[in-house]
1. Label points 7 Å out from Cα along the Cβ direction at M230 and D169: separation in nm?
2. List the relative contact order of region 222-320 as a percent without decimals, with contacts defined as Cα pairs under 8 Å and 6+ residues apart.
3. State the answer as a single residue: which of N275, P46, S242 lies farthest towards the positive end of the charge dipole of the chain, with beta carbon charges of +1 for Lys and Arg and -1 for Asp and Glu, about the Cα centre.
4. Once each part is reduced to its C-alpha centroid, what is the distance from region 169-214 to region 99-127 in angstrom?
5. Please compute the contact order of the chain in relative form: average sequence separation of alpha-carbon pairs under 8 Å and at least six residues apart, divided by the residue count, as a percent.
6. Can you give the log10 of the normalised intensity I(q)/I(0) at q = 0.28 Å⁻¹, computed with Debye over equal Cα scatterers of region 56-105?
7. So for the pair F179, S296, with labels modelled 7 Å out along Cα→Cβ, what separation do we get in nm?
8. Modelled label-to-label distance, S242 and N162, 7 Å Cα→beta-carbon offset: nm?
Amino acid sequence: MRTYTLILFVFVCSFSVKAQNDLSKLFSDSVLAKENIPVTATFKSPQIINGQSNETMHKHDLLFVVMHRFGDIAGSYGGMQTFYGLDNSSDILIGFDYGISDRWSLGLGRTKGAPNGTNTNQKQLFYVKTKYRLIRQSTNNRVPVSVTIFGNSVASGMDRLNVVTSDADFQKLADRLSFVAQAIITRKFNDSFSLALSPTFVRRNYVSFMDVNNMYGLGIGGRLKVSHRMAVVADYFLSFRSQESKKYFLQQKGFRFYNPLGVGLEMETGGHVFNFIFTNSTAILENQFIPSTSSSWTKGGFRWGFSISRTFTLSKKSDS
């Protein structure tokens, strides 16, 4: 709880100290400052690193995205024997996001999945997702934050694993499903710095023995612009697992859970946004990395990865 309290304290303090001063620097026109004009480009892509940003696609825009996570850089499974993780891939995602309106996006795709072999064995994951801008921060600070609602549904397409204690011992179709619901609360403090706070709920219909079906998490992420086309991005997720479950996996399996932490460099190149990242999460989807991250930064269990996205405008007429 100390870490949880510290995150909230930092977020609130940053908000109160900078709220009145920094945002006004974005807009030199005093007329604009009097109007409820929405703040734009809080983040540059729909994803920070592991977690979601508040951004949605513009109406009739299509985003094509590829994400990749390699193997451990160091530790028992890294080093020169795997060329510092480059010989392995822990997860791969290919997906599309489409703007139904300027506030509402829909997406679908597939990931390889990142089973750790202990609390999850699910792979071959198909997902659909939706994101809606509920509240938008205004330039005059009358609306101090943006709130975006995110949700997904994920289904495993793998063959049933005939192991009774496994989360892949599917008995019916519903056992293959998992879901995420998330509120993404963001603030753009100035042209260089943005912050996100993401309370999250994960529901997995079928879990391994002594795992938990329902789990809460709290994510915090940020973006710090360092040049015209480059920024440092980072995010961190706290996973609230029951002590009984933690104790069982540690004592009976020698297995410890860790919180996902990612840091990276974001680069804009025309219509592309490229992220070069390091993270201890092996999985890409929230349905896996929040309840099942089992790699530690301090033990060399982190990896490099990347995401690259390209936006296509499918309508010549602007509907903004």
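A short reminder: the numbers here are calculations on the coordinates, not readings from a lab. Here the structure is a predicted model, which means the values were calculated and not measured. Note that each Cβ is placed from the backbone with ideal geometry, even for glycine, and that neighbours are counted across all protein chains shown.
1. 5.2
2. After rounding, I find 24 percent.
3. Most positive-ward Cα: S242.
4. What the calculation gives is 11 Å, centre to centre.
5. Relative contact order of the chain: 19 percent.
6. For the requested q values the scattering log ratios are -0.90.
7. So the two model labels end up 3.6 nm from each other.
8. Each label point lies 7 Å from its Cα, and together they span 3.1 nm.
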